[in-house]
1. Of everything in segment 428-463, what is free of Cβ contacts under 8 Å to residues at least 60 places away in the same chain, in a loop (DSSP other than H, G, I, E, B) and open to solvent by less than 10 Å² (accessible area, probe 1.4 Å)? Give them in sequence order.
2. With the requirement that a residue be of a type in the set (A, V, I, L, M, F, W, C) and in a helix (DSSP H, G or I), what does segment 464-499 give you?
3. May I ask you to say which residue of Asp478, Asp504, Asp474, Asp486 is in contact (Cβ under 8 Å) with a residue 60 or more places away in the chain, over 16 Å from Gly574 (Cβ atoms) and surrounded by fewer than 22 Cβ atoms within 10 Å (Cβ to Cβ)?
4. On the basis of being out of contact with any helix residue (DSSP H, G or I) (no Cβ under 6 Å at 6 or more places or on another chain), buried (at least 24 other Cβ atoms within 10 Å of the Cβ) and assigned to a helix (DSSP H, G or I), does Ala215 make the cut?
5. Return the residue satisfying two criteria in turn: it lies in segment 406-419 and is in contact with a helix residue (DSSP H, G or I) (Cβ under 9 Å, 6 or more places away or on another chain) and open to solvent by less than 30 Å² (accessible area, probe 1.4 Å), and of such residues it is nearest to Thr519 (Cα to Cα).
6. How many residues does segment 221-272 contain that are open to solvent by less than 30 Å² (accessible area, probe 1.4 Å), aromatic (Phe, Trp, Tyr) and part of a loop (DSSP other than H, G, I, E, B)?
Amino acid sequence: MRSHALLYVTVLLAATATSSFDGNINYGSPSRRHASLGIDVGLVKRRSMKRGNVAHQPSELSFTHGVASGDPWPESVILWTRIAPSSESDKSEVTVGGTAPLYSHDTEKYIKADPNPICVAWKVFKSKCANGTTAGNVVANGKAYTTSDIDYTVKVEAKGLKPLTEYFYQFNVCGSDNKSPIGRTKTAPNHDDAVSKLSFAVFSCSNFPNGYFNAYGNAARKDKHDYVIHLGDYIYETGKGGERATTPSTTIFSLYDYRTRHGQARYPSSFPRSGTNMCSVPYRPGPATAVQELPLDPYLGRPRSVPQFSNNGYRDGFSALNNTEDSFLNKGPRVSVDTRKVNAVRAYFEWMPIRQADLDDGLRVWRSFQMGKLLDLIILDTRNYDRSITSLGWNDGYIDLIHDDPSRTLMGARQENWFYRSLSQSKERGATWRIVGNQIIFSRILEDDAGALRGDKWDGYVANRNRTLQHMYDNGIDNNIFLAGDSHQNWVSDLAWLGTKDYDKESGEGAVGVEFAGTAVSSSGQKGPIEPKAGDYARGMIKRNEEMQWQEGYYRGYFILTVAPEQATAQFYGTPPSGPPLGRHERQLTLAGGAGSPSVATRNGWDMPLANFTVQANANHVSRPIAGGKVESGAIRGGEVRHTNCTLNTETGEWRAIGFEQMFLQT
């Protein structure tokens, strides 16, 4: 039987030059200008036809990690899946080892990497009905191959699609009924289209062992967004135990480590239902990275999650690994910073639904999307691309001394200049809004009454922030909305150049835009009880920081950014757990003792509205009264906090007040 399968694959390989390995983007180089950095497709083809090569039967294969889509363009989108004999990642590291040039894959070492290429067919269709894959309904299709060389991942570009259109897609093992789940995706509008509204689900910081990714499922079930943006920490590099123990169990360094951690984060049982329903723009996975706890497809998400390396990365190292002999020999696992970056980038490129990027001059993923005349989505890399040294845990005193040094940069000169040009070009082409996605908080934040600043935010790069503000003010670039993650808390601020440009904190006049920074999906935030401890912290923040309008750090969750020509709104949600209805006495105990606050210790569909904010076009500040004068938690300028615990069960549509016993899982 297996010999017949071999004959089938051999004939197919010989007869389909255009629909073979070349159809899988993951065989290609991450850099368009450096073809040698990809896997030698010809070598893989020849190896697959060697005598004794035995192909897998379709029944032996599984779509182990569902499907995903990302980087939507007006006429195409990236589709992703993994088809393999096992959910375990490949242990071979030949694609990044030996004496091969950086990122190169074309040596004899790959001959034995995987003897069984797998053929996968894919289709994009207009309707998800029973006959959805019939000929008249299919708008794009193709074939591609995969092997263990690329961890059995498949990534293809579906072309010939219509702008701003929703589609469904599916993979299947060639010549069989072994099919993947059906995914849903959406293309981007043309750059000059008159778009009436676009909505983005914005996430950050998904710590797998810390708890369940309930926020992904809640957003997917409500289905109120067009695209997904993930702004930081798509996976975490450290190892933890507990109910959701990491695999590997230790801190990750090797290619196998990174592949395995991505696989755990993407495994279907990890997701509540988010990843396959919307298109995303992955970002560079900042210091730590996150995942979707199941499908939200048009991965416009982390507008390209920065390849996850390690915590607090910069151009020469990380908080726990530096380019020093001490770090390499005595404190580290004898893995260099450069080797770790190569491993992280390779795994990221394989596992994320992204287009091939130009990785010259470092690890470029920064780019922009022109979404009709409505907005430009500008994605920055404020973690790994030529970033000056940051706070590493042991050097905070040094960072405090140099935080306003004019030579310090978050982005490097090339990216910084591109960023300013992108802002100017967006204004010149007549886009109404400029949405800037970056990993860390842009606004100044005085951490205490002594005026302490944190060096790992834009506060550690004051001159870079001043140059950005000057470019916007001097060139009349308005309607700017900065998005941020990383902090595990919610923040809403006017963008103001304090001390240089006049700004009225009561009216917002003098600002040049706003910043919406979201809390974590599951990573730890401000400790409770919610009152008075978390509340006092938030009130202190509002008092010290005149441009800050809302602060809330207790809840895990996400926000929905909806952009229309006349206004933009941000709706923030928290994720509490299931539980019995609370009576009046229980409610009082809850607010004083910490219940009625978020929990990711169970998998559940509870979703609590926290606050809603509006920004009118050309106003350049959050509309007053802030959040309509009322929020669920935290502290608000000029308004009140009402702890109602009123929560929606996104699985049943039921509303009720709920409590919980445990906030996070034990690790």
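The values are calculated or read from the model by the stated rules, or taken from the named source; none is laboratory data. The structure presented is a predicted model; accordingly, all values stated were derived computationally and were not measured. Positions of Cβ are backbone-derived with ideal geometry, glycine not excepted, and every protein chain shown enters the neighbour counts. SASA here: full protein model, heavy atoms, side chains in, ligands and nucleic acids out. Shrake-Rupley method; radii C 1.70, N 1.55, O 1.52, S 1.80 Å.
1. none
2. Of the residues in segment 464-499, the ones of a type in the set (A, V, I, L, M, F, W, C) are 469, 472, 477, 481-484, 491-492, 495-498.
Selection gives Leu469, Met472.
3. From the options Asp478, Asp504, Asp474, Asp486, the qualifying one is Asp478.
4. In short, yes.
5. Out of the qualifying residues, it is Leu410.
6. 2
For every residue, the table says whether it meets (1) within 24 Å of the chain's Cα centre (by Cα); (2) charged (D, E, K, R).
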position: Ser388; (1), (2): yes, no
position: Gly393; (1), (2): no, no
position: Asp396; (1), (2): no, yes
position: Arg414; (1), (2): yes, yes
position: Leu423; (1), (2): yes, no
position: Gly430; (1), (2): no, no
position: Ile435; (1), (2): yes, no
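So that you can scan it fast, the table gives a plain yes or no per residue for (1) outside the structural domain of Asn479 (by the TED database); (2) buried (at least 23 other Cβ atoms within 10 Å of the Cβ):
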| residue | (1), (2) |
| --- | --- |
| Gln356 | yes, no |
| Leu374 | no, no |
| Leu377 | no, yes |
| Arg383 | no, yes |
| Asp404 | no, no |
